[in-house]
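A short write-up of the structure that comes next.
The values are calculated or read from the model by the stated rules, or taken from the named source; none is laboratory data. Because the structure is predicted, anything quoted here is derived from the model rather than measured. In this analysis, Cβ positions are derived from the backbone assuming ideal geometry, glycine residues included, and neighbour counts consider all displayed protein chains. We work out accessible area using only protein heavy atoms, side chains counted, and drop any ligands, DNA or RNA first. Shrake-Rupley method; radii C 1.70, N 1.55, O 1.52, S 1.80 Å.
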Amino acid sequence: MKLNDVVPEVYSVEVPVEEEPYSPEFIHFYIFNSEKDRINGTKDFNKHMESAQFTTFPFLYEKGNVFIVYWSKTKDDPLFTKPIETALEQLK
């Protein structure tokens, strides 16, 4: 999904589980020109989500000009929340 004229970098991630077939989760990285552009991009995202029906759950992370959407298969126990938060803490 394009937000405020920015197309995200999209990565699939998964934890190997022998019982389940390949079923990745996705992380969308948006890098805006400024924090203001990121705020406008977040507003775009929220507008798109008002009428959306989910098969995965979006977890949003924002810092400076960076906006990350982590699409988790579970609402209660997302697997990659801590690594994303740790990575964002490293950004200046």
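Details
- Residues of the range 58-92 satisfying the condition of being open to solvent by 70 Å² or more (accessible area, probe 1.4 Å), over 23 Å from residue 34 (Cα atoms) and outside any helix (DSSP H, G or I): 73, 75, 76, 77, 79
- For residue 54, the test of being assigned to a loop (DSSP other than H, G, I, E, B) and either in contact (Cβ under 8 Å) with a residue 60 or more places away in the chain or open to solvent by 70 Å² or more (accessible area, probe 1.4 Å) (or both) is passed.
- Residue in the range 47-73 that is farthest from residue 25 (Cα to Cα), counting only those that are hydroxyl-bearing (Ser, Thr, Tyr) and under 14 Å from the mean Cα position of the chain (by Cα): 61
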